[in-house]
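Report on the following structure.
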DNA sequence: TTCCATGCAAACACTTTGCACCGTG
DNA sequence: CACGGTGCAAAGTGTTTGCATGGAA
């Protein structure tokens, strides 16, 4: 498994380093997490991995298709591993909950965009904003700048 | 028209200032623009409007529902006026072109999300990433954050 | 032995904030 | 004439970069 990773990296001229491995592990362990979350998670393990290393490696891992990022807020992007079924996200602007939805639910929609506009949707990157079931009845003044806690 | 604006502002305890008016005008003139674009546009008119004033007022105007912002890139958000028909955006990650699509095209999709997840979509804020017609055939390497092929 | 990768600190882009003054209502 | 708005500069976030050193292949 580490050898598989090594091979994938080598294939694009990258090397396998302990940091690289730790960062990928951290993303998988976290489910969804920002670069900052990943940094914290990694540092909990052994000790020092630098911030820049995290940014640089999330980039590399994304180039390899091993992780992906989405924008759940206007701020820092959230990374997740690409193992597991592809899905997209609904995020409630009120309570900030995040719902993962199987990509099939978007199939008709994306087919239509392809047919009518020749546009090929990257479903894995899709984030749909709105209000979740419980926040929809009451529609309290939304705070455009409130910050979320770590999403599930 | 300015009186209408004045009234809307007053209704929420805001005042009508020349800067406020200029900023709203600039957003309408630009179509789509970042805070920076708006600043530049406004400064071209008369002279001084401060950066902070632009940020503060885009906020106010958004609270009033007169402008909206979307995220076309991972960076600075793009503002547009809410006059005109509601639409959402397709943005090509390769050539960065932006296609505006009438909200009706998303109607089935949003209805489904509402039915299956009780989630009410804010269509005006929706941005769909992918590849446009011309960039889909060739998938040339690109900008700093171009996305790779889909993972397994 | 060759390059890619890392750590570190400084630079960056974008946005927010504190404060004194200004001007609308 | 009170209170919201503005300009200015400084402080914040989140991210990137230059450079010397370190380590995988």
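None of the figures in this text is laboratory data; all of them are computed from the coordinates on show. Everything numeric in this text was worked out from a predicted model, so none of it was measured. Methodologically, a virtual Cβ is constructed for each residue, glycine included, from the backbone with ideal geometry; neighbour enumeration extends over all protein chains shown.
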Per-copy distances of the residue A:40 label point, shortest first, in nm (7 angstrom along Cα→Cβ): 3.8
P(r) of segment B:85-139 over all Cα-Cα pairs, binned every 5 Å from zero, in whole percent: 4, 20, 23, 19, 16, 11, 6, 1
Nearest-0.05 FRET efficiency for residue A:25 and residue B:59, computed from C-beta distance (R0 51 Å): 0.80
Average Cα contact separation per residue, chain A, under 8 Å, 6 or more apart, as relative contact order %: 20
Ellipsoid semi-axes in whole angstrom, largest first, where each is sqrt(5λ) of the Cα gyration tensor of segment A:1-75: 20, 15, 11
Between 0 and 90°, nearest 10: helix A:35-45 axis offset from chain A longest Cα axis: 40
Span per principal axis, largest first, for the Cα atoms of segment B:29-107 (Å): 41, 30, 20
For residue A:21, inter-copy label distances in nm, listed shortest first [label point 7 Å out on the Cα-Cβ vector]: 6.7
Crossing angle, helix A:107-117 versus chain A [Cα axis fit, 0-90 degrees, rounded to tens]: 90
√(5λ) per eigenvalue of the Cα gyration tensor, the protein assembly as shown, largest first, Å: 36, 22, 20
Nearest-ten-degree value, helix A:51-63 long axis tilted from longest Cα axis of chain A: 80
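Using the Kirkwood radius built from alpha carbon pairs, what does the Stokes-Einstein equation give as D for chain A at 20 °C and 1.002 mPa s, in µm² per second?
In µm²/s, the coefficient is 125.
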Label point 7 Å beyond Cα along the C-beta direction, distances from residue B:84 to other copies (nm, shortest first): 3.9
